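Laboratory data are not the source of any read-out in this text; all were calculated from the coordinates shown. It should be emphasised that the depicted structure is a prediction, and the values quoted were computed from it without experimental measurement. Cβ: placed from backbone, ideal geometry, glycine included. Neighbour counts: every protein chain shown.
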């Protein structure tokens, strides 16, 4: 049993399970996109004074309850607030305006407050700018690895590198899908981080294998002598 | 001597740390101002210009003749005048129902994206509401923003028309590419002239050749004129027709010179850019239009280039299929506030502190010296990021964290090597140990370095931010540790 827990097979089974679960989750529920990239509605309110985001957050928590809300300050004087959320009903708009008026002594009216519809950003548009840079980087890195570790067989080195890099990213997106981590501004940094870790891991492994190979070659040479 | 060397280095580190974390304050007009440059932040951290575009729902009055052809007239016509001429007035929506499709919304998005890219926007976000066609464009707030905004909803309708008949001779479909060129002027005046170079596709090239053969200014000498005040009713020259010919007659007692002129008008979005004729046929399908006059003044030249680039970008990206109105254009700050960044910095600080304690427990004085040197590296690193104008994005922050982790791994490696050699009573091999650590560590780092260098050259702020931040980080790890950390450890080991 202990041997099985430590074995390569268990790792493979675990990775396969995570990937399958991730694929199922993507097919059934899709990715959970961050508010910034969803179809949203937005209102902008002129408060005539500087304000704390935490105060507005308190109001939006009461008005929108469990909805995700993004609060931003507007323009250089920072006396207007932009509130973005998944949807804003007339009742919520009225509530929001009333509470803002109470808090900041403004005379805003729900009628004059326009709710803007904001279309979503497509997932492919988020990743599009990164495809070419990553492709170029990976190709050059593969060429380097092939040359540097040619003693370990160029084909094997390249195949292993591509496999591990791809597997790491698939695993990352499976985990994102399973855990429902929103696809947003942190997704690409996570991809980059995993890419770098993979590169570091691959190189460390190949360096080790190369040293072993060199040692063996030296032993063989000394035996022949 | 040994102590003095180490103390000098520590004082230097403290100084750098003070400058980096607290700044250098001087009095500027009764207030204290930090002279240390601030971080350049990207759109995710600094906020963006939000430009909202809404589909134009207005209509335009169009006057049509009895045959249903559009009549172009500058003067306002009364109903009586219209009926006298047999004209009718129709109200035509600027965007007909059939152009308001998801495909056209998508095409508009692509065109706007092309325009932003060609004008050097390092990052942007465009979202489209597929039901209403409304578009929200987010672009970074900087000195280039207004210029970018001004082109976002320009239709980009390019036309070359006959100056007299208003017949459309060429349009956007004939354009292959548009770019900006500049070159020295002729010998008569010094300075540089900016040109907008319009390259036409195969069909456009043929059309341009025909036009440039037809729309020429030609002088004709007519001899044997005997009568005073001769009037020539029709002048026929090659490639001209009587209808489109303007004839200027100059008559003298001995001979007559006639200048016939057929002109084209170049229009962009119904605005006349120029009316001209051709000196010679253009066979290469390239039309160069000078933008502004020749100048030696750098600011004027820059303005001309900027204006030409702006028009070129609009024409090159194609014509918007839908007319949009800009309904709002405002700067909205990021929802990631300074408080979030402060929390992150505190978290990194706590983790680092734990890391330093571990170093000190494991490697005693060497660990302490390395920890002090480490703080110096972080301080210097943050100064370098500010003074090399690296735009810091979320990816850039990840780059900073990765650099700190890499430096920790590297320092740990150096200290472990030194400890190993000390345990083996091989004090003389510290230098070799450090050299070996360098070799081993940076050999593993080469693939990361390759990727980082590639990312540095990408024209997309978030990825280049990561590349630049990591580039300076890795360069500092190599240089700083060689000059400071390794020196401190060597000095400490000296007997």
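So what is the relative contact order for the stretch A:39-118, in percent, with contacts set as C-alpha pairs under 8 Å and at least six apart?
44 percent
Using only Cα atoms and rounding to the nearest 10 degrees, what angle (0 to 90) does helix B:102-118 make with the longest principal axis of chain B?
Value to nearest ten degrees: 70.
Can you tell me which of A:176, A:13, A:126 moves the most in a GNM of chain A? Springs connect C-alpha atoms under 10 Å apart.
Ranking A:176, A:13, A:126 by mean-square fluctuation puts A:13 first.
Please give the calculated 222 nm ellipticity per residue for chain A, where each DSSP H segment of at least 4 residues contributes -39500 (n - 2.57) and the sum is spread over every residue; nearest 500 deg cm²/dmol?
-22000 deg cm²/dmol
Per DSSP helix of 4 or more residues, -39500 (n - 2.57); summed, then divided by the residues of chain B. What does that give at 222 nm, rounded to the nearest 500? Kindly include the intermediate steps, with their values, before the conclusion.
Details: 12 runs with 225 residues, N = 495.
Helices in chain B give a 222 nm mean residue ellipticity of -15500 deg cm²/dmol.
If you take the square roots of the eigenvalues of the alpha-carbon gyration tensor of the stretch B:136-197 and sort them as a ≥ b ≥ c, do you get rounded (a/c under 1.5), prolate (a/b over b/c) or oblate?
The shape class here is oblate.
Which whole number gives the average, over all residues in B:330-342, of C-beta atoms from other chains lying within 10 Å of the residue C-beta?
4
Mind pulling the angle between the C-alpha long axis of helix A:154-179 and the longest principal axis of chain A? Nearest 10 degrees, somewhere in 0 to 90.
It works out to around 30 degrees.
Let me check against my output: what whole-number percent is the relative contact order of the stretch B:19-150, with C-alpha pairs under 8 Å and at least 6 apart?
Computed value for the stretch B:19-150: 29 percent relative contact order.
Taking square-rooted eigenvalues a ≥ b ≥ c of the alpha carbon gyration tensor, is the stretch A:39-118 rounded, prolate or oblate, where a/c under 1.5 means rounded and, failing that, a/b exceeding b/c means prolate?
Judged from the Cα gyration tensor, the stretch A:39-118 comes out rounded (a/c under 1.5).
With the contact rule set at Cα under 8 Å and sequence spacing of 6 or more, what percent relative contact order holds for chain B? Can you show the working numbers first?
On the way: 772 pairs, mean separation 100.0, N = 495.
RCO, chain B: 20 percent.
Identify which of A:30, A:105, A:119 has the largest mean-square fluctuation in a Gaussian network model of chain A, with springs joining Cα atoms closer than 10 Å.
A:105
Label residue B:357 and residue A:65 with points 7 Å out from Cα along Cα→Cβ: what is the distance between them in nm?
Going by the 7 Å Cα→Cβ label model, 4.4 nm.
Mind jotting down the distance between the C-alpha centroids of the stretch B:95-133 and the stretch B:363-417, whole Å?
About 43 Å separates the Cα centre of the stretch B:363-417 from the one of the stretch B:95-133.
On a 0 to 90° scale, report how tilted helix B:338-387 is relative to the longest principal axis of chain B, with both axes built from alpha carbons and the result rounded to the nearest 10.
20 degrees
How big is D, in µm² s⁻¹, for chain A by Stokes-Einstein at 4 °C and 1.567 mPa s if Rh is the Kirkwood radius over C-alpha pairs?
58 µm²/s
Taking a ≥ b ≥ c as the square roots of the Cα gyration tensor eigenvalues, with a/c under 1.5 meaning rounded and otherwise prolate when a/b beats b/c, else oblate, which class fits the stretch B:87-170?
The shape class here is oblate.
Round to the nearest 0.05 the FRET efficiency obtained for residue B:286 and residue A:186 when R0 = 51 Å and r is the Cβ-Cβ distance.
With R0 = 51 Å, the Cβ-Cβ based efficiency is 0.60.
Which residue fluctuates the most in chain A, going by a Gaussian network model with Cα springs under 10 Å, if the choices are A:130, A:195, A:37?
Residue with maximal mean-square fluctuation among A:130, A:195, A:37: A:130.
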